[in-house]
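Remarks on the structure that follows.
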Amino acid sequence: MQTWPQRQSTGDSRLAQRGDRNVSLFHIMDIAEGLLQLDPVRTYARRGAEHVARAVRAVGYVVERDGTEPFRSEHMPATEATVTLPLRSGREVIGSLGLFLPQDRRLAEDELRVARWAARLYARGLSYTERLATEGGRRADGGVDDALARSPLTPREREVVALLISGASTRDIADRTGLTVSTINTYMKRIFAKLGVHSRVELVARLAGTSTNGLHAPAGE
């Protein structure tokens with residue numbers, strides 16, 4: 001399995017083969033796909049930072065958040081960050097992301113725009129995953145079971161949701177239930193339809209009691 005620096009080098013090679021000096025459209029699409037992949041939520045903070053760094057071919061990163069210890073990439077240059085980007089989620093700045101570029105390299109104007117865009121997307125992902133983690137834990141000691149018991153879900157669907165709320169990824173849920181990833185995704189679609197939600201964040205909000213709607217079937221069903 002490739003480590004982050006190895007994957008980053010692979011991405012650089014592909015760009016060089018295409019003859020692109022800066023970031024290509026295909027590369028941007030790849031970064032967006034990575035930043036929108038919240039699952040599993042417990043590893044998103046580092047995965048997201050790696051994707052932003054790769055977006056501009058940085059060799060390292062450091063993420064700083066208020067009230068928490070900064071975390072860094074494994075291979076950190078012994079220098080100051082080349083560029084520091086604010087992490088904005090909506091109107092709120094939730095931290096900063098420092099990127100380290102190879103010596104004597106600076107971001108071109110279009111690369112800087114991509115970096116800012118990727119940092120905003122990353123900040124939104126951080127907010128969503130933290131919400132999933134914190135709200136999912138508010139109904140420990142039987143609260144989730146009680147909420148699910150009142151829902152229109154089947155026993156198997158309740159099992160899938162309970163595992164999701166515990167922080168399990170789609171792959172984890174498949175492994176624990178003995179089902180395939182494709183089957184778990186099908187279950188999630190059915191669960192969303194039955195409960196009238198459109199995302200995992202919304203589902204967690206229902207279970208955590210932060211949504212005004214309960215766990216019931218949509219009107220008319």
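Can you work out the FRET efficiency for the pair Glu74 and Glu109, with r the C-beta to C-beta distance and R0 = 41 Å, to the nearest 0.05? Walk me through the numbers before you get to the answer.
Working: r = 30 Å, r/R0 = 0.72.
For Glu74 and Glu109, the calculated efficiency is 0.85.
Collect residues whose amide H, placed 1.01 Å from N in the peptide plane, falls under 5 Å from the amide H of Phe71; neighbours closer than 5 in sequence don't count.
So Phe71 has HN proximity to Val63.
Compute for region 40-83: radius of gyration divided by Kirkwood radius, i.e. Rg/Rh, restricted to C-alpha atoms, rounded to two decimals.
0.96
Sorting Lys194, Lys189 on the 10 Å Cβ count, fewest up front, what's the list?
Final ranking by Cβ density, sparse to dense: Lys189, Lys194.
Sort Val63, Val201, Val181, Val161 so the one with the fewest other Cβ atoms within 10 Å of its own Cβ comes first.
Ordered from fewest to most neighbouring Cβ atoms within 10 Å, Val63, Val201, Val181, Val161 come out as Val181, Val201, Val63, Val161.
Read-outs throughout are calculated quantities, based only on the coordinates presented, and are distinct from any laboratory measurement. Just so we're clear, the structure is a prediction, and the values are computed from it rather than from any experiment. In this analysis, Cβ positions are derived from the backbone assuming ideal geometry, glycine residues included, and neighbour counts consider all displayed protein chains.
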